[in-house]
1. Look through Thr371, Thr301 and report the one residue that is among the β-branched types (Val, Ile, Thr), out of contact with any strand residue (DSSP E or B) (no Cβ under 8 Å at 6 or more places or on another chain) and either over 21 Å from Leu161 (Cβ atoms) or outside the structural domain of Gly71 (by TED's automatic domain parsing) (or both).
2. Does the stretch 30-64 hold any residues that are in a strand (DSSP E or B) and of a type in the set (Val, Ile, Thr), and which are they?
3. Given the conditions (1) in the same structural domain as Leu26 (by TED's automatic domain parsing); (2) touching a Ser or Thr at 6+ places or on another chain (Cβ under 7 Å); (3) under 19 Å from Ala41 (Cβ atoms), and given that Ala387 satisfies all but one, which numbered condition is not satisfied?
4. Filter the stretch 89-110 for residues that are closer than 17 Å to Leu338 by Cα and of a type in the set (Ser, Thr, Tyr) and give the result.
5. Does the stretch 179-194 contain at least one residue that is surrounded by fewer than 22 Cβ atoms within 10 Å (Cβ to Cβ), more than 17 Å from the chain's Cα centre (by Cα) and more than 18 Å from Val284 (Cα to Cα)?
Amino acid sequence: MRQDALAPLAIPANDPSPLPVAVSRLMLTDFRGYARARLSADAGPVVLYGANGAGKTNLLEALSFLAPGRGLRRAKLSEIDRRDQTGPWAMAAAVATPSGEIEIGTGRDDASDSGERRSLRIDGAPAKSQQDLAERFGMAWLTPQMDRIFIEGASSRRRFLDRLVTGFDPGHWARLNAYEKALRERARLLRDGAYRGNGADPAWLSALEDAMAENGVALAAARIEAVARLDAACRGAKGPFPRAGLAVEGAVESWLETRPALAAEEEFRRALRDGRGLDAESGVTQCGPHRSDLLVRHLETGIEAASCSTGEQKALLIAITLAYARLAAARRGAAPLLLLDEITAHLDAERRSALFAALLDLKAQAWLAGTDAALFEELRGAAQFFAISQAAIAPG
């Protein structure tokens, strides 16, 4: 792993005011409830308002496909196709970045065997991988489902953390994919009895464990460094949002606290080799960064996030996201795109005002969705408003 993976990036001296990251044009075809849709936006915040079920979250989901992965709903690609349509969904966007505007097109590739493959083109050419998106700009989102992130299983917290780490280090996404692919293949071989010498070549099992060790230690190291930066930024933040204390917990992370990366890799290989029998019987790989967890606590009260009130949990999540956005803006020269669905829920007037002020100070293009336009009234004049009704978009 590169030791300078999260080193600050310098803004070119001849470009003291780089372009913000902003979607200037979005076009959808057969996406959820939208047969055809087109929206043009300025660089500032965008407010989408309308009744429940009007199509606001669908627009945010479409925007989330400008980042690598399965989007903010983590839906199967085929589930996104508009009902009663035989063709796959597609979306296209023009995105301003510090390096200039780029054209992105993506959608479900129904020519693939599974029908669950995502196609991606950037400036008209096929992308090498979805990592190409992360290399151009960062993105983060908060949805109502994430309000329970601190009281549910660790997997949702890991996904949240890995999204933020990828915003600092785009290569993290590729390493995560490589690790998870090796993890699945190793589990399949163990089910087939490879650890007893049956079936597949045992050397292939060792090769998969080598890949898991190398990528897994790199993942853990990137998480440790990113969490340290986020923790420092959250501790130093001022305002009505609570200061958050962050840590990452896991076996691989603990090894890296006491030994070099190569020694941690060897320890991980040994744990995988020694655990083959138990992993085969349980069907679960017991050790690895796929079992790590993001720990968060409210610094003013000392209470773990899981024990805080619903409102304080939401405030902690916003505080972490704003800290990430500030760090990413300093590193990459522009704030990431932010998708904030029903973000004003559980926020009092003081915290709403503080959130809006922070977004304007960041010069971030934040897409905010809610049922009541009045809750966003402070942004009038600084943000574009769109009324969403039955999958129709109108300036509002």
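1. Residue meeting the stated conditions: Thr301.
2. Residues of the stretch 30-64 in a strand (DSSP E or B): 30-31, 34-40, 46-49.
Within the stretch 30-64, Val46, Val47 qualify.
3. Tallying (1) in the same structural domain as Leu26 (by TED's automatic domain parsing); (2) touching a Ser or Thr at 6+ places or on another chain (Cβ under 7 Å); (3) under 19 Å from Ala41 (Cβ atoms), Ala387 fails exactly one: (2).
4. Once the filter is applied, which keeps residues that are closer than 17 Å to Leu338 by Cα and of a type in the set (Ser, Thr, Tyr), the stretch 89-110 yields only Thr97.
5. no
Residues checked against (1) under 17 Å from the mean Cα position of the chain (by Cα); (2) touching a residue at least 24 places away in the same chain (Cβ under 8 Å); (3) surrounded by fewer than 21 Cβ atoms within 10 Å (Cβ to Cβ); (4) part of a strand (DSSP E or B):
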position: Glu253; (1), (2), (3), (4): no, yes, no, no
position: Leu262; (1), (2), (3), (4): no, no, yes, no
position: Arg273; (1), (2), (3), (4): no, yes, yes, no
position: Gln286; (1), (2), (3), (4): no, no, yes, no
position: Gln313; (1), (2), (3), (4): no, yes, no, no
position: Ile320; (1), (2), (3), (4): yes, yes, no, no
position: Ala325; (1), (2), (3), (4): yes, yes, no, no
position: Ala330; (1), (2), (3), (4): no, yes, yes, no
position: Leu338; (1), (2), (3), (4): yes, yes, no, yes
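The values are calculated or read from the model by the stated rules, or taken from the named source; none is laboratory data. Every value quoted in this text rests on a predicted model; they were computed, and no experiment measured them. Neighbour counts are summed over all protein chains in view; Cβ atoms, including those assigned to glycine, are modelled from backbone coordinates with ideal geometry.
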